[in-house]
Amino acid sequence: MDFNKILAEIAEETKYLQGKGKVANYIPALAQVDGNQFGMALLTADGELFEYGDSAVNFSLQSVSKVLTLTIAFREIGTVVWERVGREPSGNPFNSLIQLEKEKGIPRNPFINAGALVISDILCSALENPKEYLLDFVQKRAQNPLIKYDEVVAISEKEHGYLNVALANYMKSFGNIHNTPEQILDLYFNQCSLSMNCNDLVRVFSFIANRGFDSNNKERILSRSHSKRLSSLMLTCGMYDESGDFAFRVGMSGKSGVGGGIVATIPGKLTMAVWSPELNSFGNSLRGVMALELFTTKTGMSIF
């Protein structure tokens, strides 16, 4: 299959969406990003890389990073994770306080902000230096020691992340946060600020497409069972309140972030990353979602 030709076609056929979305502005550092950028990368299961456009331009992962912290939590404590966070789609905005009150401080899933804060709390308890561990984990998967936290973005998040502060303190009142809110928020804001490009992203996430095995480093990251469960959570909960429509339109397990990135996988076949900073009303990349839909339509490849 000529993936270079397909990526070029997708770029041309999604140009009409440029200017129709909005760059995230609730974090001031993200509001400064040029919304006209667009990049794609595709990594096959046998290690062949295809790229298009701004695939080598770094961007802030934001919520895409939640898959990585959940992966590490799986590795550290296994299924005990599910005693503190659920596995169901939320049906509410990703930063909502409403469900926490109804469900006594247990977040609906690990990919909404409350759930990711619980995962951060787990890592703060399980690891001596969770920020250093996460960065090393990502650099090794990508085989890129230059990947860093974006300090400007992290500071901007800390200065304006009042709702996340409220979520952490509220869960602390229910006993579902064990460390200080300040500790877990520091990890959370930094993980969201992780900066990398589409080429890095497909390498980092390729272990999911390879059913838990990192073929670049010859290392098993997750068991096949845990990898299957991670993929299923990405499918059902990975795209905020657009997860159902994304599964319907695209047919890939995906995770998005308000930085405009989306990473998606087809187990046993490929990992794909798309970056376009302009978002739709759900907080997902407008052009990115369409690009992935066109990819599965043109290739006939999907998880179904």
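The C-beta contact set for region 57-79 (first residue touching a residue at least 24 places away in the same chain (Cβ under 8 Å) and under 16 Å from Gly212 (Cβ atoms), second residue among the small types (Gly, Ala, Ser) and in a helix (DSSP H, G or I), distance under 6 angstrom, 6+ apart or interchain) comprises Glu76/Ala126.
One residue stands out in region 98-114 among those that are part of a loop (DSSP other than H, G, I, E, B) and of a type in the set (A, V, I, L, M): the one that is surrounded by the most Cβ atoms within 10 Å (Cβ to Cβ), namely Ile112. Considering region 125-153, the residues that are under 14 Å from Phe205 (Cβ atoms) and hydrophobic (A, V, I, L, M, F, W, C) include one that is nearest to the chain's Cα centre (by Cα), namely Val138. Of the residues making up region 166-204, those that are hydrophobic (A, V, I, L, M, F, W, C) and closer than 30 Å to Ile266 by Cα are Leu187, Phe189, Cys192, Leu194, Met196, Cys198, Leu201, Val202, Val204. Among the candidates Ser65, Ser55, the residue that is in a helix (DSSP H, G or I) and small (Gly, Ala, Ser) is uniquely Ser65.
If the condition is being in a loop (DSSP other than H, G, I, E, B) and free of Cβ contacts under 8 Å to residues at least 60 places away in the same chain, then region 23-35 contributes Asn25, Gln32.
The set of residues in region 36-52 that are within 18 Å of the chain's Cα centre (by Cα) and part of a loop (DSSP other than H, G, I, E, B) contains only Phe38. For region 251-269, a residue qualifies if it is surrounded by 24 or more Cβ atoms within 10 Å (Cβ to Cβ), closer than 23 Å to Leu222 by Cβ and not polar (S, T, N, Q), and the qualifying residues are Met252, Gly254, Lys255, Gly257, Gly261, Ile262, Val263, Ala264. If you go through region 80-100 and pick out every residue that is closer than 20 Å to Gly175 by Cα and in contact (Cβ under 8 Å) with a residue 60 or more places away in the chain, you end up with 5. Identification of strands (runs of 3 or more DSSP E) wholly contained in region 199-304 with 1 or more residues that are touching a residue at least 12 places away in the same chain (Cβ under 8 Å), farther than 29 Å from Glu76 by Cβ and out of contact with any Pro (no Cβ under 6 Å at 6 or more places or on another chain) yields 270-275. Of the residues Glu242, Glu278, only one is under 17 Å from the mean Cα position of the chain (by Cα), over 23 Å from Glu51 (Cβ atoms) and crowded, with 18+ Cβ neighbours inside 10 Å; which? Within the list Glu242, Glu278, the selection yields Glu242.
Across region 114-130, the number of residues qualifying as touching a residue at least 60 places away in the same chain (Cβ under 8 Å) and within 19 Å of Ser60 (Cβ to Cβ) comes to 3. For region 153-201, a residue qualifies if it is under 30 Å from Ala56 (Cβ atoms), surrounded by fewer than 22 Cβ atoms within 10 Å (Cβ to Cβ) and of a type in the set (Ser, Thr, Tyr), and the qualifying residues are Ser156, Ser195.
Read the figures in this text as sums done on the coordinates, not as results from a lab. Predicted model, so just to flag it, every value in this text is computed and none were measured. All Cβ positions, even for glycine, are placed from backbone atoms using ideal geometry, and neighbour counts span all protein chains on display.
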